[in-house]
Amino acid sequence: MWGLNKDELLKNEFLDRGIINDFLCMEYRRNLEKYISYMQKYNIKIVNCFDSRYPLRLNFIANRPIVLYMRGEISYINNESVAIVGSRICSEYGKRNARLFSSELAKRNVKTCFIFIDLYPRENIKLAEKILQNKGLIVSEYLVGSEPKKENFPRRNRIISGLSDAVIVIEASNKSGSLITANYAAE
């Protein structure tokens, strides 16, 4: 579409004038080209809900994501999976149990998948890279660079529970995201 002029774009009945104006705007084109280049550089796949690579389990959740951005071993997305969730600030007992569960699951070849909103909090960037190095997968329904807004976390949690055969809650406060994830799993 980049090579089409305004008259050629107007002939397409599926494009509204706003989209046509975006395509003709040079700043929009440069930004979109940078974004596409970034996606290619980091091998981030865009998978829509009609794609054969779309996670089968997500077809059974309420408000399934229309589009997912995935980086890593997409082929593992439908394998056996378990979510381990809990408070970022947990006791030593909680940390020990999280390590124990994840170690036992790894021994059984349960793959690691990291669901994120722009790799928030920032400490998770190293964890994400380690997951990728070990043939794991990173998944998000948000564009790379999206702000981590409070209202997006429950949406992320529905994906975590939707992709999982089981959810293990290590430690959680009463109104925590971990319990939201567990409630989605129970549904």
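Data for the structure
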{"item": "Pair list, Cβ under 9 Å, 6 or more apart: the stretch 16-40 residue in contact (Cβ under 8 Å) with a residue 12 or more places away in the chain and surrounded by 12 or more Cβ atoms within 10 Å (Cβ to Cβ), other residue of a type in the set (A, V, I, L, M, F, W, C) and part of a helix (DSSP H, G or I)", "result": "Ile20/Leu9; Ile20/Leu10; Phe23/Leu9; Phe23/Leu32; Leu24/Leu9; Arg29/Phe23"}
{"item": "Residues of the stretch 128-159 satisfying the condition of being within 17 Å of Ser102 (Cβ to Cβ) and open to solvent by 80 Å² or more (accessible area, probe 1.4 Å)", "result": "Lys130, Gln133, Asn134, Lys135"}
{"item": "Some residue of the stretch 174-182 being open to solvent by 50 Å² or more (accessible area, probe 1.4 Å), in a helix (DSSP H, G or I) and in contact with a helix residue (DSSP H, G or I) (Cβ under 7 Å, 6 or more places away or on another chain)", "result": "yes"}
{"item": "Matching residues in the stretch 52-73 - criterion: being outside any loop (DSSP other than H, G, I, E, B) and crowded, with 18+ Cβ neighbours inside 10 Å", "result": "Leu58, Leu68, Tyr69, Met70, Arg71, Gly72"}
{"item": "Residue that is least open to solvent (accessible area, probe 1.4 Å), among those in the stretch 42-51 that are of a type in the set (A, V, I, L, M, F, W, C) and touching a Phe, Trp or Tyr at 6+ places or on another chain (Cβ under 8 Å)", "result": "Val47"}
{"item": "Sole exception among (1) farther than 26 Å from Met39 by Cβ; (2) surrounded by fewer than 19 Cβ atoms within 10 Å (Cβ to Cβ); (3) under 20 Å from the mean Cα position of the chain (by Cα); (4) in contact (Cβ under 8 Å) with a residue 24 or more places away in the chain for Glu171, by number", "result": "(3)"}
{"item": "Members of the stretch 40-66 that are among the hydrophobic types (A, V, I, L, M, F, W, C) and under 16 Å from Asn157 (Cα atoms)", "result": "Leu58, Phe60, Ile61, Ala62, Ile66"}
{"item": "Only listed residue being in contact with a Ser or Thr (Cβ under 6 Å, 6 or more places away or on another chain) and closer than 21 Å to Leu163 by Cβ, chosen from Tyr54, Tyr69, Tyr76", "result": "Tyr69"}
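The values are calculated or read from the model by the stated rules, or taken from the named source; none is laboratory data. Bear in mind that the values here come from a model prediction, so they are computed numbers and not experimental data. Here Cβ is always computed from backbone atoms with ideal geometry, including for glycine, and neighbour counts include all displayed protein chains. Heavy atoms of the whole protein, side chains included, go into the accessibility calculation; ligands, DNA and RNA do not. Shrake-Rupley method; radii C 1.70, N 1.55, O 1.52, S 1.80 Å.
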